[in-house]
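Below is one structure; the comments refer to it alone.
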Amino acid sequence: MQTIDRKRLRQLHARELQQFTAQHPRSAALHDRAAASMVAGVPMPWMARWAGRFPVYVRQAVGARIIDVDGHEYVDLCLGDTGSMGGHSPPSVVSAVQAQVARGITMMLPTEDSIVVAEELAHRFRLPYWQFTLSATDANRSVLRIARQITGRRLWTLTGESRGDGFGTSPSVAGDIDGDGYADLIVGAWQYGGAAVSGGRAYLYSGRTHELLRTYTCRIPGDNFGFDAVGLGDVDGDGVDDLLITSGWSAVSGHHSGRVFLSFHRGSQRARHRRIEARSADAVGCAAYQVSSARTLC
């Protein structure tokens with residue numbers, strides 16, 4: 001089996017980072033300026049997860065292309081995470097938005113336009129009733145409220161500690177951690193910043209009482225601990241199920257080297273933890289980014 005020359009990889013990586021910085025001086029300057037007024041130098045935490053030292057700053061977007069502040073042009077395959085699926089700034093949309101802005105925005109009251117949109121959606125998708133939300137979180141909350149109204153059942157609702165925590169990214173059945181005969185729930189909050197900026201936290205809830213049993217908190221900035229959290233089953237054979245929690249962007253051993261944490265429990269006793277991490281930045285990259293089935297991993 002051919003071995004990988006890690007030293008050569010590190011040299012190539014350093015060369016690419018240097019070239020990226022040289023080709024994007026304006027983006028680099030804007031990012032350094034932004035660091036004085038925005039956490040991690042970006043308006044939203046996930047924008048800091050860039051392959052280089054800083055993200056590319058955009059000057060203009062038209063159709064399927066983006067032009068950055070250094071004049072480089074890119075084909076945009078993300079399209080605003082589907083928000084611009086019809087392309088950036090179509091003339092008809094620009095005209096409609098300009099007209100509406102002149103009439104006022106965020107009035108917190110319905111308009112006739114909302115009826116027109118709902119009627120068109122009903123016509124196209126053959127579903128009679130519609131409501132509008134401003135985020136995926138708001139949409140999920142609305143679905144829960146509707147489900148409660150229809151079924152008359154009290155549903156289990158959990159909420160993060162603060163805005164931007166990313167709570168609920170990786171809910172998973174944890175197994176019977178507290179030994180009460182019910183499966184418990186582990187939920188990650190990968191952007192939790194109570195102990196360190198984007199350090200991350202995971203929460204263990206009782207499946208029987210819904211009470212918070214334990215929290216697991218990372219105190220290293222940017223680790224994003226809790227991006228994925230899963231139940232392992234009884235790994236150490238002590239009769240109690242165990243957990244695996246990832247820090248996919250940990251840089252403890254190098255840029256985005258990644259770490260995973262195994263948490264072994266013994267009933268009501270204090271949990272024991274084992275940390276597994278890469279030895280270099282190019283060893284695993286974001287190998288801990290997602291774990292879908294820890295049973296097969298073990």
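Key figures
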quantity	calculated
Loop-located trypsin sites (Lys or Arg not before Pro) in the range 79-128 whose Cβ has at most 11 other Cβ within 10 Å (DSSP)	126
Accessible area, probe 1.4 Å, largest first, for residues 16, 211	211, 16
Carbon/sulfur fraction of accessible area - the range 115-217, other protein chains in place, 1.4 Å, %	53
Accessible area (Å², per residue) of the chain, counting only protein heavy atoms and a probe of 1.4 Å	65
Unit Cα scatterers, Debye sum, the chain: log10 I(q)/I(0) for q = 0.09, 0.14 Å⁻¹	-0.64, -1.22
Heavy-atom SASA rank of 220, 66, 150, 186 (probe 1.4 Å, accessible area, largest first)	150, 220, 66, 186
Antiparallel bridge percentage (DSSP; both residues within the chain; nearest 5)	95
Residue 33 versus residue 53: modelled label distance in nm, points set 7 Å from Cα along the beta carbon direction	1.8
For peptides 80-91, 36-47, 20-31, 167-178, sequence by mean Cβ density within 10 Å, most packed first	167-178, 20-31, 36-47, 80-91
Protein accessible area in the range 1-108, 1.4 Å probe - carbon and sulfur %	61
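The values are calculated or read from the model by the stated rules, or taken from the named source; none is laboratory data. Please read these numbers as outputs of a predicted model, since none were measured by experiment. Positions of Cβ are backbone-derived with ideal geometry, glycine not excepted, and every protein chain shown enters the neighbour counts. Surface accessibility is based on the protein's heavy atoms, side chains included, excluding ligands, DNA and RNA. Shrake-Rupley method; radii C 1.70, N 1.55, O 1.52, S 1.80 Å.
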